[in-house]
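Nothing in this text is a laboratory measurement; each read-out follows from the coordinates by a stated rule. From a predicted model like this one, the values you see are computed outputs, not experimental measurements. Glycine gets a Cβ as well: all are built from the backbone with ideal geometry, and neighbour counts include every protein chain shown.
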């Protein structure tokens, strides 16, 4: 479950794990914190690895907003065909879903369709899909 304010922009090649855990976006990503839209920053890599990529940073991250903000976002592929993927997303607060929906990813043109969600959510979905498609390609080439 990635932090709902984390915008992934690049894969972290050496994320500091001996054996990487199963991550919400598939692979470890670096990127920017959008918790304060007027003050977008790229946190230190250790913070991105432990908080931004894993979510549930309330009380552990000094940038995490107080109040009713969600804690995490998770993604899952529910349909995989040669031409499209269906992805379910769930936004959580206190380990309880507060929003969910389905996104459709058209493989030939890399188009992501779905309900009008936040740009952060869509960029996280794209990072998740990049990881998913890389794993799928590796598994079919073996």
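Annotations
- Rounded to 0.05, the FRET efficiency of the residue 84 and residue 13 pair, given R0 = 35 Å and the Cβ-Cβ distance, is 0.75.
- Exposure proxy ranking, count of Cβ atoms within 10 Å, fewest first, for 102, 78: 78, 102
- Taken along the Cα-to-beta-carbon direction at a fixed 7 Å, the label points for residue 36 and residue 77 span 3.8 nm.
- Using 0.36 nm per residue and subtracting the Cα-Cα separation, the extra length available between residue 136 and residue 104 on full extension is 9.8 nm.
- By the beta-carbon count within 10 Å of each Cβ, the least crowded to most crowded order of 61, 52, 3, fewest first, is 61, 52, 3.
- Summed over qualifying helices (DSSP H, 4 residues or more, each -39500 (n - 2.57)) and divided by its residue number, the chain shows a 222 nm mean residue ellipticity of -5500 deg cm²/dmol.
- Tilt relative to the chain, helix 119-140 - C-alpha long axis, 0 to 90 degrees, to 10: 40 degrees
- With semi-axes defined as the square roots of five times the eigenvalues of the C-alpha gyration tensor, the equivalent ellipsoid of the chain measures 25, 19, 13 Å, largest first.
- Ranked list, fewest to most other Cβ atoms within 10 Å of each Cβ, for 76, 81, 131: 81, 76, 131
- Max mean-square fluctuation residue, GNM over the chain, Cα-Cα springs under 10 Å, options 80, 50, 109: 109
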